[in-house]
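To start, the structure itself, in structure tokens.
Nothing in this text is a laboratory measurement; each read-out follows from the coordinates by a stated rule. Note that the coordinates shown come from a computational prediction; the quantities given were computed from them, not determined experimentally. FYI the Cβ positions are ideal-geometry reconstructions off the backbone, even for glycines, and counts take in every protein chain you see.
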Amino acid sequence: MQAAVTQARRERKTMTKAAPPISSLVALTLPSTPDSVRKARFHTRAALYGHELGNYADDAETIASELVTNAITHAGAATFGLDVMHLERAVVA
């Protein structure tokens, strides 16, 4: 069994392609107040529609809302950052 695992490891190919580009759509520093949840949802949705990615807006808005709520509730910081990024689609060969 060990020989088969060792052989499988030797045959693995190293990933040689560069990572696809990442672009920041919006970056914010918000206060740790309940109003920041609404602001994060608004800016997330606006950024996605502004970059013709509106079909992802509902899901991204929900995720941003959850993450911001968690940051406010559990981080204990006066402010926190929100950065909405776009990972370009990669072609995998």
Note to self: Loop-only GluC sites (Glu not before Pro) in region 44-93, please: DSSP not H, G, I, E or B, and at most 16 other Cβ atoms within 10 Å.
What the structure shows: Glu52, Glu88
Note to self: For a quick check: with amide H placed at 1.01 Å from N, whose amide H comes under 5 Å from Leu25's, ignoring anything fewer than 5 positions away on the same chain?
What the structure shows: Val84, Met85, His86
Notebook entry, point to check: How large, in Å, is region 42-93 by the Kirkwood hydrodynamic radius built from its alpha-carbon pairs?
Noted result: 12.5
Next item on the list: Provide the FRET efficiency to the nearest 0.05 for the Thr33-Asn55 pair, computing r from the beta carbons and using R0 = 25 Å.
Entry: 0.25
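At R0 = 25 Å, how high is the FRET efficiency between Thr79 and Ala46 if r is their beta carbon distance? Nearest 0.05 is fine.
On the way: r = 20 Å, r/R0 = 0.82.
After rounding, the FRET efficiency stands at 0.75.
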